[in-house]
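The values are calculated or read from the model by the stated rules, or taken from the named source; none is laboratory data. Model, not experiment: these values are computed from the prediction. Here the Cβ positions follow ideal geometry from the backbone for every residue, glycine too, while neighbour counts run over all protein chains shown. SASA here: full protein model, heavy atoms, side chains in, ligands and nucleic acids out. Shrake-Rupley method; radii C 1.70, N 1.55, O 1.52, S 1.80 Å.
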Amino acid sequence: MNQVLSEMERKKSDSWRKWPVVHYVVSNSGILIALVSLIVFFALTTSTFLSTSNVLNVLRQISINAIIAFGMTFTILINGIDLSVGSILAVSQVITIGLLFMGVPIVPALIVGLLIGAVLGLINGFVITKGKIPPFIVTLSMMIMARGFAYVLTGGRPMSFNNEILSFIGNGYIGPIPVPILIMVICLIITSFILNKTKFGRHVYAVGGNREAARFSGIQISKIEMLVYTISGLLAGLSGVILAARMSSAQPTSGSGFELDAIAAVVLGGTSFSGGIGKIGGVFIGALIIGVLNNGLNLMHVSSYWQMIIKGLVIVTAVYVDSLKKKKRA
């Protein structure tokens, strides 16, 4: 009987795949209901939540967190984690602004800022795979070292720099859409394509789903892991560059706690902490929920202490729901 029901569900799922938008809505129905419920709640309790300026403000604010969360998704899909993304963000923006101070042209400075993120991510992946050290320990160490490096470079002081291109990246518009939102959408499309349409993406799911089976299938697990942490570092570096562009400054304290918001978005988006299960589209909705929650609670003048408690409860609930799903699949 169960086999018959499973086969019917599979056929129903296959039919939805013919219409990507419908399939996306159906496959993320639970989290979408949570998002809509939050929007309705804050729209009824605050007068400005649904205004155009506030909606754009929410999207602009989540662009940083969402881009980091897309990279975090790769690491959690292989049953890893990256706690260093917030500190890598800080180092990338400090080096970008520092190079501008030294007279380096804007484009090379931005490229170096991105590459610094990728290199730090690659170091994470190299130490994890070659040293056989748990990702939690390696990325925690990188989080501390990178933050210290940002303090050393700046002497603990913020650095400000005005540049026309930098200002456009952080605060400009293309049509009616702010540039950071467009960059976020581009990252969403590219990372989703990589995971869903490429051989590398299939290997990421395979490594997270069953490491031994992936090894016997000839997948080079070390190579996949190093690439995954490089992607995570690169996207953290990109977030640092965007944040520096928005603020026209770099601060060594930037990005503190961003890793927690990114992990929350990934878990809320349905990515399993056990690896092998998750979609970038779901993670984007998870980032939206975190952004809506932050913005709505601020509009309601809820203290930051209570906001931390509420976000913690949301994460615990998401992990609990994930565990229920795993039990159901088992």
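General remarks:
- Protection proxy ranking, peptides 203-214, 40-51, average beta carbon neighbours within 10 Å, highest first: 203-214, 40-51
- Pairs of Cα atoms in region 51-98 fall into 5 Å distance bins, from 0 up to the last occupied one, in shares of 5, 17, 19, 18, 18, 13, 8, 2 percent.
- The HN-Hα couplings worked out from phi for region 55-63 by the Karplus form 6.51 cos²θ - 1.76 cosθ + 1.60 (θ = phi - 60°) are 4, 5, 5, 4, 5, 5, 5, 7, 4 Hz, whole numbers, x standing for Gly and Pro.
- Between amide H atoms placed 1.01 Å from N, distances below 5 Å from Ser249 occur with Phe161, all of them 5 or more places distant or on a separate chain.
- Each semi-axis of the equivalent ellipsoid for the chain is √(5λ) with λ an eigenvalue of the Cα gyration tensor; in descending order they amount to 32, 26, 18 Å.
- Stokes-Einstein D for region 201-317, Kirkwood Rh over Cα pairs, 4 °C, 1.567 mPa s (µm²/s): 79
- Relative contact order for the chain: 31 percent, from Cα pairs under 8 Å spaced at least 6 residues apart, divided by residue count.
- Cα pair count fraction exceeding 27 Å, expressed as % - region 45-168: 32
- The charge dipole of region 177-285, taken about the Cα centre with unit charges on the Cβ atoms of Lys, Arg (+1) and Asp, Glu (-1), comes to about 380 debye, rounded to the nearest 20.
- Taking every protein chain into account, the 1.4 Å probe leaves Leu140 with about 60 Å² of accessible area, to the nearest ten.
- The packing ranking of peptides 251-262, 123-134, 142-153, highest mean first, is 251-262, 142-153, 123-134, where packing means the average number of other beta carbon atoms within 10 angstrom of each residue.
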